[in-house]
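Step one of this worksheet: look at the structure below.
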Amino acid sequence: MCGISGIVSSENIAKDLLNSLRCLEYRGYDSCGLAVLKDKKIIVRKNIGTVDEVNAKERLTHLMGNIGIGHTRWATHGGVTKENSHPHLSMNNQFAIVHNGIFSNYQELKEELVDKGVKFLSLTDSEVFAHLIEHAYEVCQDVEKAFIAALQRVEGSYGVAVLSYHEPQYIFCAKKDSPLILGLGEGRNFIASDINGFLEYTNKAITLDDDDYAIVSKDKYWIKNIATGQKVRKKPFTIEWDVETTKKGGYRHYMLKEIFDQPHTAKQALKIERSRIQGLAQMIQQSQNCYLVGVGTTYYVAIVGQYLFAQFLHRHVPVISSDEFHQTAILSENDMLLAISQSGETYDTKMAINYAQSFDAKTAAIVNVMGSSISMMVDQVIMQGSGPEICVVSTKAAFSQMLILLRVVIEVARVQKYITDDEYTVFYENLNDFPTILEATLNEQSGFVRNIAREAIHVHNWLFLGCGVYFPIAMESALKMKEVSYMHAEGMPAGFLKHGTLAMIDDKINTVVFVPPPDQKELYGRTLVAIEEVKARGGTVFGFTFDEDKKSEQLLDRMICLPKVHYLVAPLLEMVMAQLFSYYVALDLGRNIDKPRNLAKSVTVA
Ligand code: AGP
């Protein structure tokens with residue numbers, strides 16, 4: 001769960017390499033470092049802290065050289081120390097390596113290398129690779145051969161990149177179960193864990209597949225297969241994201257920017273070609289069972305999907321958290337799995353896809369990052385087009401995934417005649433109006449939400465409640481509150497409350513309720529019962545409500561009242577405002593909002 005980067009150029013690369021690491025920092029951010037090669041000498045500077053902190057300590061931008069590799073780390077094996085941060089040097093300083101993933105057999109390799117006299121400087125699994133390659137080089141005197149020999153010794157997952165003073169014009173890199181992408185520039189080339197690492201410099205990229213390795217110079221690259229050594233031909237693709245979307249654009253945090261991006265994100269989701277939506281709809285129709293998976297936020301997105309399938313298609317779709325999928329799912333070749341992932345790199349979700357594929361089930365995914373592993377693993381993919389989501393916590397990507405699921409479901413509903421053509425048209429009219437309403441609501445209500453959040457910062461315990469499709473919205477909103485504010489927050493179905501959790505209600509816990517529009521009579525009625533239950537025990541209740549909801553107004557201690565919208569998009573509007581609420585609570589608590597402690601954006605490890 002780290003970021004790898006590398007640049008080969010005819011000019012000094014330190015500043016751009018550092019900038020590239022900054023753009024990958026969301027993947028991991030407890031330490032970082034650069035290795036730069038000049039005059040047959042590899043200089044490594046690294047330390048603990050954020051990219052900017054390490055730059056201040058180590059003056060990374062002062063490094064001179066036209067070729068270099070960098071790494072931003074999120075510790076797994078070995079604590080957060082300078083020694084454990086990457087790059088790692090081989091004992092005789094001939095090679096520097098950066099690694100993302102886990103070498104599962106590193107203990108055996110380490111023992112073997114120690115027996116040969118190697119002195120390890122770190123406690124990481126990664127360092128073995130630097131020594132393996134140096135030892136292999138001593139035998140074959142050829143960097144490419146030594147690189148392959150080292151790759152053939154390691155087990156587990158890797159995105160790995162190597163600098164060697166024996167071949168000062170090339171970066172050697174390879175991948176297995178961990179992403180690595182080449183960026184093709186003018187007179188300079190890049191490698192990175194994902195396209196954010198070079199988006200600012202080029203929009204031409206090539207994805208490496210598992211068991212590929214690449215040799216990259218400033219104006220050429222070769223991709224080959226590790227086992228056969230055969231050249232692999234690949235067509236570059238063009239990245240359609242606008243580089244400006246990776247900037248904060250005047251917002252204090254990416255999270256805030258990404259919340260305010262959502263009207264645009266909605267438009268992008270609605271622009272996805274209907275034929276693609278229909279393609280997925282058809283796959284779902286033809287499947288016997290359609291499993292939905294995701295993890296963390298995307299699990300809640302999948303549950304939103306479950307409610308939509310039930311509501312519009314009268315079809316139950318099992319939803320399983322990706323990490324538990326293999327424990328309970330029994331598939332056949334007539335079944336399918338629909339995976340949801342912003343990054344397209346989440347280990348648990350990749351494993352769920354592998355598991356489904358082992359039954360010959362069909363697979364599909366909704367993914368945001370182009371060229372990501374999941375986008376390439378599945379039979380059918382819908383690219384969200386939400387643009388880069390930089391903040392570690394997901395807002396706009398999850399929002400877009402929900403809209404896409406909504407589109408898919410109403411597409412199936414039309415074909416299967418659960419809705420008429422006229423209803424379908426009305427749904428689309430409402431979806432198309434939604435971005436404007438959302439934008440106006442964000443602008444009008446932001447100040448008010450901020451004030452309510454400010455009053456709430458002393459609250460350490462939160463309950464988030466919702467009925468029906470508002471239940472996964474409550475769960476997701478509780479997760480948002482936990483992630484950014486570090487406060488205890490629990491989400492649950494409103495009707496579940498009285499089965500135990502009610503015992504917790506006192507004046508120290510605050511409850512947030514997602515109230516549906518009053519015309520959603522059944523859901524609305526049940527939600528109000530839950531509010532009454534909390535109020536009757538002296539609890540404080542905040543609510544998201546819609547205009548003209550007099551009953552809720554009388555019951556709630558605080559409410560954020562939103563304009564009346566169609567029931568299709570009402571839960572989404574409340575979710576966006578809950579994102580904003582959590583953001584402001586975290587802001588007043590002085591949290592590290594874009595990079596909350598202990599979290600990383602892409603969780604590429606088990
Ligand atoms: C979201 O705010 C979280 N940071 C996390 O739960 C995330 O949604 C989860 O790790 C899945 O990531 P993915 O969408 O990239 O697969």
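The values are calculated or read from the model by the stated rules, or taken from the named source; none is laboratory data. All values reported here derive from a predicted model rather than from experimental measurement. So basically every Cβ, Gly included, is an ideal-geometry build from the backbone, and we count neighbours across all protein chains shown. Note: areas computed on protein heavy atoms with side chains; ligands, DNA, RNA excluded. Shrake-Rupley method; radii C 1.70, N 1.55, O 1.52, S 1.80 Å.
Computed quantities for the displayed model
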item	result
Amide H within-cut-off set for ALA489, under 5 Å, with H built and near neighbours excluded	TRP462
³J(HN,Hα) computed for each position of the range 107-118 - Karplus, 6.51 cos²θ - 1.76 cosθ + 1.60, integer Hz, glycine/proline x	4, 4, 4, 5, 4, 4, 6, 4, 4, 8, x, 6
Per residue, in Å², the accessible surface of the chain once ligands and nucleic acids are set aside, probe 1.4 Å	38
Protein accessible area in the range 566-606, 1.4 Å probe - carbon and sulfur %	45
LEU337 long-range amide H proximity, modeled H, under 5 Å	TYR291, LYS362, THR363, ALA364
Residues VAL80 and GLN285, FRET efficiency given R0 of 51 Å [Cβ-Cβ distance, rounded to 0.05]	0.55
Exposed GluC sites (Glu not before Pro) absent: longest stretch of the chain, with sites in DSSP loops and at most 12 other Cβ within 10 Å deemed exposed	334-547
Simple spin-label estimate for ASP422 and ASN92 in nanometres, 7 Å along Cα-Cβ	8.3
Full-stretch length increase - ASP219, ASN105 - with 0.36 nm per residue and alpha-carbon distance subtracted	37.5 nm
Cβ-based charge dipole, the chain, positive-most Cα from ALA440, ALA281, GLY185	GLY185
Considering only the range 3-239, percent of DSSP beta bridges that pair antiparallel, nearest 5	100
Rounded, prolate or oblate (a/c below 1.5 giving rounded, otherwise prolate when a/b exceeds b/c) for the range 292-421 by Cα gyration tensor	oblate
Mean separation of Cα contacts under 8 Å, 6 or more apart, over the residue count of the chain: relative contact order %	11
Rounded percent of accessible protein surface that carbon and sulfur make up, the range 338-474, 1.4 Å probe	50
The range 220-268: trypsin sites (Lys or Arg not before Pro) in DSSP coil with no more than 10 other Cβ atoms inside 10 Å	ARG233
Where labels lie 7 Å past Cα in the beta-carbon direction, separation of HIS566 and THR436 in nm	1.4
Dipole of the chain, positive direction: furthest Cα of GLY79, MET377, PHE544, with charges on the beta-carbon	GLY79
Loop-located chymotrypsin sites (Phe, Trp or Tyr not before Pro) in the range 531-587, at most 16 other Cβ atoms within 10 Å (DSSP)	TYR567
About the Cα centre, charge dipole magnitude for the range 257-299 (Lys/Arg +1, Asp/Glu -1 at Cβ), debye	140
Positive dipole terminus of the chain, leading residue within LEU572, TYR201, VAL232 (C-beta point charges)	TYR201
Residues with amide H under 5 Å from that of GLY156, placed H, sequence gap 5 or more	SER104
Selection of trypsin sites (Lys or Arg not before Pro), the range 5-52, meeting DSSP coil and at most 15 other Cβ within 10 Å	LYS40
Cross-link table LYS224/LYS350; LYS46/LYS595; LYS257/LYS550; LYS204/LYS231, entries beyond 27 Å C-alpha to C-alpha	LYS257/LYS550
J(HN,Hα) series, the range 255-261, from Karplus relation 6.51 cos²θ - 1.76 cosθ + 1.60, nearest Hz, glycine and proline x	4, 5, 4, 5, 5, 6, 5
Charged-residue dipole, Cβ positions (Lys, Arg, Asp, Glu), the range 444-487 about Cα centre, Debye nearest 20	100
Charge context of LEU528, other residues only, Cβ under 14 angstrom, K/R +1, D/E -1	0
FRET efficiency, ALA606 to ILE226 (Cβ-Cβ, R0 22 Å, nearest 0.05)	0.45
Under Karplus coefficients 6.51, -1.76 and 1.60, residue-wise ³J(HN,Hα) of the range 181-191 in Hz, glycine/proline x	10, 9, x, 9, x, 8, x, 7, 10, 10, 10
With all protein chains modelled, accessible area of TRP241 [1.4 Å, Å²]	30
The range 244-419, relative contact order in percent, only Cα pairs under 8 angstrom and at least six apart counted	29
Size of charge dipole - the range 244-419 - debye, nearest 20, with Cβ of Lys, Arg +1 and Asp, Glu -1, no other charges	760
Positive minus negative residues near TYR424 (Lys, Arg vs Asp, Glu; Cβ under 9 Å)	-3
Expected 222 nm ellipticity per residue - DSSP helices of 4 or more, -39500 (n - 2.57), all of the chain, to 500	-12000 deg cm²/dmol
Heavy atoms of THR50: accessible area, 1.4 Å probe, square angstrom to 10	40
